[in-house]
Each structure stands twice: as structure tokens, then as C-alpha cells.
Amino acid sequence: ESPSIPVSSEPVSVALISEQESLQPGKPSWVAISMSIDGHWHAYWKNPGDAGMAPIITWNLPEGFKVSEVQWPTPTLFNLSSAVGLGYEGKVVFLAQITPPASFKSSSPVEISADMRWVVCSDSTCLPGDETIALTLPVSNDLPKMNESTKDFFAEARARIPKKHDL
């Protein structure tokens, strides 16, 4: 179970989740974008196949912060009438690393957010969606504590990321 599941009437809900309780200047830290998709709907992989559109993630980070390339979990193959698609059903988690600049100093927590756009399709129809997801974290020179409540969540997400040799 992910820590916060927003409730909405859309077939998709998204959340931004941190692996650590704080950020450390100059050190990368993992965050996850969790996408929960209702039954009968699916979202698309970065190479969606014959149809569909991959989710688009646009990060909004404090000045000087860097974000790694997003890690996409292994997709499933769909056959939709005559088209073949690659994507996800149920729950999908994208991982990325956020790194504050080494010189960063702030006494107040920083907000990390992402604008997310997607298309989900059922057998009969497709629906675009978008949402801005955000996370506020303190930045401290202390070694960050791991967020105990998200430990299993991140372990499971990592297990779904293809290893280089699987591709």
C-alpha cells in the first residue's frame, strides 16, 4: 500500500512519494511517482506501441536541483482489437533521483513537484488526464533517515525496473 491514495472520480490517481524523510545537499535521493489505474483501464509505456501516449512528467524543482532520468518499470503487452500496445494496468511506479545542489542552504522545507499528463484507455475509449503532484521535504546536512512507511513500496518498485540486460 502506498502511503497516500488521493480519492478522485477519474480512473487514475497519482502521488509523489519520497524514500527519505529529508534531502541532503549534493546527495541524490529517490522519489517515486505512483500511478493507480482502475480496472479495465491501462496507461502506456515510454514506447507505447501502435497507439497511445506515454505519461509525460514535467518536474518543477527549486533552483539548482537536478533530477535523473525517470526509471520505467517493465511494461505488459496489450492486444486491443488490431493494435498492440505496451503499458501498465493497476499500479505503476516510476522512480527518479532528485539531487539538491551541494551548496544548498535553506531553513525552510522545499517543494518538489511534477506536472503529470497521461492517456489511459479501456477497450472502448481513451481518456486524457493531468495532475500536479507535490512533496515538501526539509533539506539538512544530516544523513537522511529512510522513510520506514515507504520501505516496502520502494523495494517493490525497484524490483519492477528492468535490469540493463533485460532490455
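The values are calculated or read from the model by the stated rules, or taken from the named source; none is laboratory data. Everything quoted here is computed from the prediction, not taken from an experiment. All Cβ positions, even for glycine, are placed from backbone atoms using ideal geometry, and neighbour counts span all protein chains on display. Accessible surface is based on the protein model in full, side chains and every heavy atom, while ligands, DNA and RNA are left aside. Shrake-Rupley method; radii C 1.70, N 1.55, O 1.52, S 1.80 Å.
Points worth noting:
- Of residues in the range 69-115 being among the hydrophobic types (A, V, I, L, M, F, W, C) and within 11 Å of the chain's Cα centre (by Cα), the one farthest from Ile17 (Cα to Cα): Trp72
- Residue count for the range 94-115, restricted to those that are more than 23 Å from Ile33 (Cβ to Cβ) and either open to solvent by 50 Å² or more (accessible area, probe 1.4 Å) or in contact with a Pro (Cβ under 6 Å, 6 or more places away or on another chain) (or both): 5.
- Qualifying positions in the range 53-77 - within 21 Å of Ser13 (Cβ to Cβ) and in a strand (DSSP E or B): Ile56, Ile57, Thr58, Trp59, Asn60, Gln71, Thr76
- Residues that are part of a loop (DSSP other than H, G, I, E, B) and basic (Lys, Arg), drawn from the range 96-146: Lys105, Lys145
- Evaluation of Phe78 against (1) touching a Gly at 6+ places or on another chain (Cβ under 9 Å); (2) surrounded by fewer than 16 Cβ atoms within 10 Å (Cβ to Cβ) (one fails), failing number: (2)
Rundown of residues vs (1) touching a His at 6+ places or on another chain (Cβ under 8 Å); (2) open to solvent by 50 Å² or more (accessible area, probe 1.4 Å); (3) under 20 Å from Ile37 (Cβ atoms), yes/no style:
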residue	(1), (2), (3)
Gln71	no, yes, yes
Trp118	no, no, yes
Cys121	yes, no, yes
Cys126	no, yes, yes
Asp130	no, yes, yes
Lys145	no, yes, no
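- Conditions (1) over 21 Å from Phe154 (Cβ atoms); (2) touching a Lys or Arg at 6+ places or on another chain (Cβ under 6 Å); number of the one not met by Gly87: (2)
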